[in-house]
Amino acid sequence: MAADFKLACVLFDLDGTLVDTAPDLISCLNWALNLHGFDAVAADIIKPFISYGAAAMIHAGLPTLGAPLKADILETMLAHYQDNIAEHTVFFSGMVETLAAIEAQGLKWGVVTNKRERFTHPLMAALKLTERAACIVSGDTTANPKPHPEPMWAACKQAQVNPVECVYIGDAQHDITAGKNAQMKTLAALYGYIKAEDSPEAWGADALIESPEQILTWIASATSSSEALLPCR
């Protein structure tokens with residue numbers, strides 16, 4: 001990494017990268033399934049699809065179900081989730097300290113997610129992150145969600161930074177594609193909701209990270225003359 005790289009802002013995907021929302025999302029899905037007469041689905045079946053949205057979670061659990069019933073379950077799930085936005089959601093281990101260290105270095109940070117604003121803003125508020133974040137961009141904030149670069153550019157405008165001065169961290173291929181499309185550095189979060197068939201090493205990220213703490217390792221390496229020594233799989 002070139003020593004002249006100037007980092008101004010660290011941008012995060014939300015679900016599966018900044019915070020572990022899986023307990024609430026899976027609980028709300030199974031609540032909706034039970035309400036519609038279906039058995040609960042195992043968490044390990046649903047969890048890898050969280051980054052692709054609630055509809056993908058439902059399809060993963062009940063792939064042969066007809067579209068109208070899937071739509072009814074989706075509406076039930078999302079209404080319940082909106083009322084239980086952060087009952088069991090927690091920060092990934094080490095993320096609280098990582099955010100504090102980013103702020104201590106004078107760097108800005110923010111969120112770019114495909115989650116809808118009706119869920120993003122209440123969740124950020126519940127986690128007491130709203131005032132700390134330099135930008136919050138949701139899947140419906142701009143006309144195009146990730147992997148389009150438009151939400152990335154919107155985040156930069158909010159944070160008053162240039163895309164080339166940002167690193168974007170996400171746990172899905174569309175996250176890395178979005179960051180690259182916006183000319184940002186990118187990190188693939190292996191600790192997130194990775195599907196078994198995913199190949200993060202082929203996404204083109206600048207590095208793969210196995211924990212939030214490794215974000216700080218990458219920042220230190222990226223802003224010096226040394227190469228980031230991060231694990232790949």
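In whole angstrom, how far apart do the alpha carbon centroids of the range 134-153 and the range 10-61 sit?
21
Give me the angle, in degrees from 0 to 90, between the Cα long axis of helix 67-83 and the longest principal axis of the Cα atoms of the chain, rounded to the nearest 10.
60
Can you give me the long-range amide H partners of Ala134? Hydrogens built in the peptide plane at 1.01 Å from N, cutoff under 5 Å, separation of 5 or more residues or another chain.
Trp109, Gly110
Report the residue, chosen from Ala32, Ala56, Ala220, that carries the largest GNM mean-square fluctuation when the chain is represented by alpha-carbon nodes joined by springs under 10 Å.
Greatest mean-square fluctuation among the candidates belongs to Ala220.
Farthest toward the dipole's positive end in the range 9-105, which of Met57, Gln82, Val96, given Cβ charges of +1 (Lys, Arg) and -1 (Asp, Glu) about the Cα centre?
Met57
Quick one: go through the range 1-41 and flag any residue whose amide nitrogen is under 20 Å from the point 7 Å out along the Cα-to-Cβ line of Ala220.
In the range 1-41, the label zone of Ala220 (backbone N under 20 Å from the point 7 Å along Cα→Cβ) covers 1-11.
So what are the radius of gyration and Dmax for the Cα set of the range 65-132, in Å?
My reading of the Cα-based Rg and Dmax gives 15.8, 51 Å.
Suppose every Lys and Arg Cβ carries +1 and every Asp and Glu Cβ carries -1, with no other charges. What dipole size does the chain come out with about its Cα centre, to the nearest 20 debye?
For this selection, approximately 440 debye.
FRET efficiency for His80 and Asp4, Cβ-Cβ distance as r, R0 = 35 Å, nearest 0.05?
Values: r = 50 Å, r/R0 = 1.42.
Calculated value: 0.10.
Sequence gap of 8 or more, or different chains, plus Cα separation below 22 Å: how many lysine pairs satisfy both in the chain?
28
If you take the beta carbon distance between Glu117 and Thr64 as r and set R0 to 41 Å, what does 1/(1 + (r/R0)^6) give as a FRET efficiency, to the nearest 0.05? Walk me through the intermediate numbers first.
Values: r = 32 Å, r/R0 = 0.78.
Efficiency, from the Cβ-Cβ distance: 0.80.
Using a Förster radius of 25 Å, what is the FRET efficiency between Asp72 and Asp44 based on their Cβ-Cβ separation? Nearest 0.05, please. Mind showing how you got there, number by number?
Working: r = 25 Å, r/R0 = 1.00.
Taking R0 as 25 Å, the efficiency between Asp72 and Asp44 is 0.50.
Restricting to DSSP loop positions (anything but H, G, I, E, B) with no more than 11 other Cβ atoms inside 10 Å of their own Cβ, which GluC sites (Glu not before Pro) remain in the range 73-153? Intermediate results must be reported in sequence, preceding the final value.
Values: sites: Glu75, Glu87, Glu97, Glu103, Glu117, Glu131; in loops: Glu87, Glu131.
Those that pass, being in a loop and sparsely packed, are Glu131.
No lab work stands behind these numbers, since they all come straight from the coordinates. Here the structure is a predicted model, which is why all the values come from computation and not from measurement. For neighbour counting, all protein chains shown are included, and Cβ atoms are generated from backbone atoms with ideal geometry for every residue, glycine included.
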